[in-house]
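Presented below is the structure to which this report refers.
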Amino acid sequence: MELRQLRYFVTVAEELHFGRAAAREHIVQSALSQQVQRLERELGVRLLDRTTHHVRLTAPGVVFLVEARQILAHVERATEVVRGAAGAAPTLRVGIIDASYDSMPQILHEVQARYPDLIIHQVEVGVPEQYQQLIDGRLDVGIGRAALAPPQIASHLFRRDPLGVLVPGGHRFAAMDDIPVAVLADEPLLLAEEMRAPEFNQFTVEMCRSAGFIPTVYEGTVESIRAAAALVAQGRCLYCVPASCISALPGTIWRPLTEPASYYPWSVLWRASDGSDQVQAIVSCARTMADRLGWLVPTQQPAG
C-alpha cells in the first residue's frame, strides 16, 4: 500500500467523481482509477461502488476514509515537524466559515504581527466539516459556535456578536433603528445551507421561538453570505446575520435585533490533544483582542 493510493482514494471519496479527482491530482483518470483498484485488491474489500452515472462509498469505504485521512494528516504533520526541526518556517492551517466575517482575519493579523515567520493557510469550510478536519489533523484551528462540538474539540469563547437582520433598501424595516424579533414572524427568513451551518440555523430558530413564533423559512438556500445578501437585495427574503460582517455586504441594510437582543457566540476551536505553540498563539491573540475591543461585552452596533 502506498501513500499516493491513500491520497487518490481520499480525493475520489471527496469528489465522488473520478474525472474531478484526477484533475485535482493532476493525473489522467485511467491512472487514478487503476491505483484505487489496486488499493482495493490489496485490502481485499471494495471501497467504492461505481456506475456510469455515479460513485459512492461502500460501508468499508466510509470507515477506511476516516483512517486514510488520519494517516495522511499524520504524515503531513510529521513532515512539518521535521522541517521545523531543520529550521523551516512553522505553518498553521486555519478554518474560516466565510470570508465576509471579520473576527478571524483580525486575530490572524495579530498573530502574524507577533510571529512574522509563521505561515498561515486559510480554508473556507463550514463548522461541521471544521470539526472533522480538526479531528483528522487537516486543520489546526477553526472558528464557530462551539455548542455542537464533539468531545475531541476544545474551544475558547472570545466574542459575543450582536445579531441583526439584513433588509433591502426599500423595505419598511429600513427606516427603523432596531427591529424587535417578533416582527420577523411575517417575513420569509433565509437560513444557511444546513450541512454547512446547522449551528447558526439552530441559533436563529431558537431566537425566533423565544419571541413566540416559528419562522417562515425561505425555500431557497445559499452557501455564502454574499449570495444571501444578493437574495435580500432582490427583495426575496430577509437574513439574520451577526454585526461582524455587515461592512462586507453592500446593497443591503443591517439593523440590530431587539426584544430580545441576541448575541452570537464565536469560539476558537482546536483539537483538544494539540498543545502546539502555533495553536496557543491563536488562542492568546483571541483573548487579547477580546479584551482590547470589548468583544465579550455585548453592545448594539450603530444602525447604518
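Please treat every number below as a calculation from the coordinates, not as lab data. Since the model is a prediction, treat every value here as computed from it, not as a measurement. No Cβ is skipped: glycine too gets one built from the backbone with ideal geometry, and neighbour counts run over all protein chains shown.
At a glance:
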{"quantity": "At least 20 Å along the helix axis (C-alpha) and Kyte average at least -0.5, DSSP helices within the chain", "calculated": "59-85, 277-293"}
{"quantity": "³J(HN,Hα), Karplus 6.51/-1.76/1.60, whole Hz, each residue of region 259-276, x for Gly, Pro", "calculated": "6, x, 5, 10, 10, 7, x, 9, 10, 6, 10, 7, 5, 4, 7, 9, x, 5"}
{"quantity": "Residue list for region 127-142, given a label point 7 angstrom along the Cα-to-Cβ vector of GLU193 and an amide N cut-off under 19 Å", "calculated": "127-134"}
{"quantity": "Sites excluded, GluC sites (Glu not before Pro) in DSSP loops with at most 16 other C-beta within 10 Å, longest stretch of the chain", "calculated": "3-192"}
{"quantity": "Given charges at beta-carbon only (K, R positive; D, E negative), |dipole| of the chain in Debye", "calculated": "460 debye"}
{"quantity": "Choice from PRO168, PRO180, PRO265 with maximal GNM fluctuation in the chain (Cα, 10 Å cutoff)", "calculated": "PRO180"}
{"quantity": "Segment SER210-SER247, length gained on full extension (0.36 nm per residue, minus Cα span)", "calculated": "10.5 nm"}
{"quantity": "Exposure proxy order (Cβ contacts within 10 Å, fewest to most) of LEU257, LEU72", "calculated": "LEU72, LEU257"}
{"quantity": "Spin-label pair GLU42/ILE119, simplified geometry with 7 Å Cα→Cβ offset, distance in nm", "calculated": "2.7 nm"}
{"quantity": "Most mobile listed residue (GLN35, GLN130, GLN70) in the chain, GNM with C-alpha springs under 10 Å", "calculated": "GLN35"}
{"quantity": "Cut-off 15 Å between beta-carbons: net charge of the residues surrounding VAL167, Lys and Arg +1, Asp and Glu -1", "calculated": "-1"}
{"quantity": "Charge dipole (debye, nearest 20) of region 111-206; +1 at Cβ of Lys and Arg, -1 at Cβ of Asp and Glu", "calculated": "260 debye"}
{"quantity": "Cβ-based exposure ranking for CYS240, CYS208, CYS285, in which fewest neighbours within 10 Å come first", "calculated": "CYS208, CYS285, CYS240"}
{"quantity": "For region 90-304: Kirkwood Rh in Å [reciprocal of mean 1/r, alpha carbons]", "calculated": "17.8 Å"}
{"quantity": "FRET efficiency estimate (nearest 0.05) - Cβ-Cβ, ARG20 to THR51, R0 22 angstrom", "calculated": "0.85"}
{"quantity": "Listed residues MET1, ALA290, ILE153: farthest to the positive end of the dipole of the chain (Cβ charges)", "calculated": "MET1"}
{"quantity": "Residue exposure sequence - HIS54, HIS26, HIS171 - by fewest surrounding Cβ within 10 Å", "calculated": "HIS26, HIS54, HIS171"}
